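Worksheet for the structure shown next.
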Amino acid sequence: MTPERLQEVREAVQEADGVVILTGAGVSAESGIPTFRDPGGVWARYRPEDLATPGAFSRDPRTVWEWYDFRRRTVLACTPNPGHEAIAGLLLQRSDATLVTQNVDGLHQRALEEARAREAKPNDEPLPDILELHGNLLRVRCTVCRMRADHREPIRTEGVDTLPRCPDCGALLRPDVVWFGEMLNSATLEASFAAAASAQICLVVGTSAVVHPAAGVPVATLQAGGDLVEVNPTTTPLSGRARWTFRAPSGQVLPEILAAPD
Ligand code: BV8
Ligand code: ZN
């Protein structure tokens, strides 16, 4: 990460007409949240098929809720890191910047709210939308009706009968995340691909780029003639298509390349 390369990317981002950022679990690693596929990552102890699928939930909702409750408590005990903060600063600075995240930990939202609160002049404009491709751990939704709500309280997982129930229809509630084999929200997905296709630069940060359709978002930027910047200590299937790569943690790189123009 030479100073020249950093400056080159800083200028490219500042001059770009449209910037999209796709993040994965790696952007939250420095906040203490285990990733999915790194050695010791959260999947290392579990197989995705066992827990993050509709079949697992219908077979054993108690165990699935136990795992999600553990992840929710982990996330609530963590705080955004300088990588989240750098992205939040860019989103507040530029209306042509879009964040698409695979993460369900809500740390980008918290970083955005904290950045807004720190702004010198009071600003009551709505916060920029974050496109959460895979949902959010801190929301629940009903398995039967359309009820959906923020939910941060601990989940009582002693038995199936203590699991959370829908206040409207009494059915089991589930985490409001997208499981393997489930469709993503089509409006969120369309907005993500549209933003990528109209961006000159896509920053791909902290993702192993193996989960689809999320991993296709940066390809939309390439197909429209744009460039990729990859920020990841290890290589991914997208590395060979990146014009710039930074083999370093996002908490170090993002503040450098996204800092406000001098
Ligand atoms: C669907 C929510 C279709 C739940 C998640 C074969 C080929 C292609 C696709 C498939 C296939 N077989 C099956 C599929 C489809 C499947 C899929 O992609 N499977 C993969 C595994 C092959 N996709 C789906 O099922 C999707 N749905 O396709 O539906 C359909 C069609 C018709 C009808 C019905 C359905 C749904 C996918 C969503 C699954 N849900 N999460 C939960 O979290 O509990 S995915 C899960 O993986 C997380 O969301 C996570 O974000 C995501 C991706 O992982 P990453 O974020 O990339 O994390 P990972 O650990 O892998 O990588 C971390 C990276 O960070 C590493 O590269 C590391 O080097 C780096 N890093 C570490 N430290 C740092 C760092 N980087 C920077 N700084 C650091 N400090
Ligand atoms: Zn209901």
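Annotations
- For the range 24-176, a crude dipole built from +1 on the beta carbon of Lys and Arg and -1 on the beta carbon of Asp and Glu, taken about the Cα centre, is about 320 debye to the nearest 20.
- Among Val211, Val100, Val229: highest mean-square fluctuation, GNM of the chain, C-alpha pairs under 10 Å: Val211
- Size of electric dipole in the range 174-248: Cβ of Lys, Arg +1 and of Asp, Glu -1, about Cα centre, debye, nearest 20: 220
- Report note on the peptides 2-11, 201-210: ranked by the mean count of other C-beta atoms within 10 Å, highest first, their order is 201-210, 2-11.
- Taking a ≥ b ≥ c as the square roots of the eigenvalues of the Cα gyration tensor, the chain is prolate, since a/c reaches 1.5 or more and a/b is larger than b/c.
- When all protein chains stay in place and ligands, DNA and RNA are ignored, the 1.4 Å accessible-area order of Glu132, Glu158, Glu15, largest first, is Glu15, Glu158, Glu132.
- Of the peptides 69-77, 16-24, 190-198, the ranking by mean beta-carbon count within 10 Å, highest at the top, reads 16-24, 190-198, 69-77.
- Excluding ligands, DNA and RNA, the accessible surface per residue across the range 1-50 is 51 Å² with a 1.4 Å probe.
- In degrees, nearest ten, helix 82-93 long axis to first principal axis of the chain (Cα): 70
- Between 0 and 90°, nearest 10: helix 107-118 axis offset from the chain longest Cα axis: 60
- Each residue of the range 252-258 was assigned a 3J(HN,Hα) from its phi angle through the Karplus curve 6.51 cos²θ - 1.76 cosθ + 1.60 (θ = phi - 60°); the sequence is 8, 6, 4, x, 6, 8, 10 Hz, with glycine and proline shown as x.
- Ligands, DNA and RNA are left out, and with a 1.4 angstrom probe the accessible area of the range 60-145 is 43 Å² per residue.
- Angle in degrees between helix 186-197 and the longest Cα principal axis of the chain, rounded to the nearest 10: 10
- Size of the range 106-209 from its Cα atoms: along the principal axes, largest to smallest, the extents are 50, 36, 25 Å.
- Solvent-accessible area, 1.4 Å probe, carbon plus sulfur percent, for the range 142-207: 53
- Furthest towards positive pole of dipole, Pro218, Ala242, Phe36, structure part the chain, Cβ charges: Phe36
- Placed amide H near Thr98: partners under 5 Å, 5+ positions off or other chain: Val19, Val20, Ile21
- Cα-centred dipole magnitude for the chain, charges only on beta-carbon of K, R (+1) and D, E (-1), debye, nearest 20: 760
The values are calculated or read from the model by the stated rules, or taken from the named source; none is laboratory data. Just so it is clear, the structure is predicted and the values come from calculations on it, not from any experiment. Positions of Cβ are generated from backbone atoms using ideal geometry, with glycine treated the same way; all protein chains shown enter the neighbour counts. Surface areas here come from the heavy atoms of the whole protein model, side chains and all, with no ligands, DNA or RNA. Shrake-Rupley method; radii C 1.70, N 1.55, O 1.52, S 1.80 Å.
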